[in-house]
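K.L.:
Please see the structure below; I have some questions.
The values are calculated or read from the model by the stated rules, or taken from the named source; none is laboratory data. For clarity, every value in this text was computed on a predicted model and none was experimentally measured. Please note: Cβ atoms are built from the backbone with ideal geometry, for glycine as well, and neighbour counts cover all protein chains shown. Ligands, DNA and RNA are excluded from the accessible area calculation, which covers all protein heavy atoms including side chains. Shrake-Rupley method; radii C 1.70, N 1.55, O 1.52, S 1.80 Å.
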Amino acid sequence: AFDELFAFELAMCIERERSARRPGLELRGPRKLTQQFIQTIPFSLTAAQNRSLDEITTDLESPRQMNRILIGDVGSGKTAVAFWAILKAVESGAQAIMMAPTELLAEQHQRSFNQLCGGLNVRSEMLSGRIAGPSRKAILRDLQRGDLPVVFGTQALIQENVSIAKLGLGIVDEQHRFGVFDRAKLKALGP
């Protein structure tokens with residue numbers, strides 16, 4: 001049992017080292033959208049949220065992939081931090097996606113994003129198994145061309161026919177409800 005546990009831990013350490021060396025996009029755009037977001041949201045950020053934003057900024061501006069988990073109680077403002085990170089990617093010329101385990105939660109995130117960020121003129125769409133026909137084709141086409149900066153969705157985001165021109169940020173909400181391979185597919189969508 002010890003040998004199995006040791007081998008597993010060793011494999012995890014090796015993967016952490018590999019992950020830390022994987023190249024990513026340096027998201028260093030002008031801070032116009034993120035500053036406007038902070039100024040227009042109807043609440044003040046907490047010290048913990050500001051600390052998280054500073055750490056995420058450092059990660060996103062580095063030439064390495066960010067792999068971070070944001071933990072907090074329900075209502076602690078994790079979604080506001082996620083929206084800020086999405087805007088950081090967009091203002092840097094990249095695309096961002098947020099994957100949720102259910103269609104209801106993905107729709108809720110898109111609605112909240114549109115409410116909090118609607119005045120910033122950042123287009124967002126929803127992609128799930130329910131979206132079909134011309135609407136789905138238009139979303140997939142715009143993602144592939146780089147014309148759609150933000151997409152919220154379910155596992156439909158990681159299907160074979162989804163191609164994203166310049167994915168700079170992928171957020172997985174409730175990541176424990178997705179498998180390792182689902183998260184790997186998400187990472188494979190972008191650099």
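K.L.:
For segment 1-91, with the dipole built from +1 on Lys and Arg beta-carbon atoms and -1 on Asp and Glu ones, taken about the Cα centre, which of Ala82, Ser19, Leu33 lies farthest toward the positive end?
P.N.:
Toward the positive end, the furthest listed residue is Leu33.
K.L.:
Per residue, how many Å² of accessible area does segment 1-97 show with a 1.4 Å probe?
P.N.:
Values: 6170 Å² over 97 residues.
On a per-residue basis, segment 1-97 sits at 64 Å².
K.L.:
Treat each spin label as a single point 7 Å out from the Cα along the C-beta direction, and report the Ile38 to Glu15 distance in nm.
P.N.:
The answer from the label model is 3.5 nm.
K.L.:
Specify the longest stretch of the chain that does not include any exposed loop site, a site being one of the GluC sites (Glu not before Pro) with a non-H, G, I, E, B DSSP assignment and at most 11 other Cβ atoms within 10 Å.
P.N.:
Details: sites that count: Glu160, Glu174.
It works out to 1-159.
K.L.:
How many percent of DSSP beta bridges within the chain run antiparallel, rounded to 5? Each step should come with its number before you reach the end.
P.N.:
On the way: 1 of 14 bridges.
Beta bridges within the chain, antiparallel portion: roughly 5 percent.
K.L.:
Also: Compute the distance in nm between two label points, each set 7 Å from the Cα along the Cα-to-Cβ direction, one at Asp147 and one at Glu4.
P.N.:
5.4
K.L.:
Where the accessible area of segment 1-157 is counted over protein heavy atoms with a 1.4 Å probe, how much of it, in %, is carbon and sulfur?
P.N.:
Ligands and nucleic acids excluded, carbon and sulfur give 53 percent.
K.L.:
Here is a further query. Starting from the 7 Å offset along Cα-to-Cβ, what nm value, one decimal, do you get for the label separation of Arg22 and Asn121?
P.N.:
Spacing of the two 7 Å Cα→Cβ label points: 3.5 nm.
K.L.:
Here's something else I'd like to know. Rounded to the nearest 500 deg cm²/dmol, what is the calculated helix-only ellipticity per residue at 222 nm for the chain, with -39500 (n - 2.57) per DSSP H run of length n ≥ 4?
P.N.:
Working: 7 runs with 94 residues, N = 191.
Computed ellipticity for the chain at 222 nm equals -15500 deg cm²/dmol.
K.L.:
In nm², what is the average projected area of the convex hull enclosing the Cα atoms of the chain?
P.N.:
On the way: hull surface 47.8 nm².
Over every viewing direction, the Cα hull of the chain projects on average to 11.9 nm².
K.L.:
Moving to a separate point now. Could you give me the ³J(HN,Hα) list for segment 133-143, computed from phi with Karplus coefficients 6.51, -1.76, 1.60 and θ = phi - 60°, whole Hz, x at Gly and Pro?
P.N.:
Result, rounded to whole Hz: x, x, 4, 5, 4, 5, 5, 4, 5, 5, 5.
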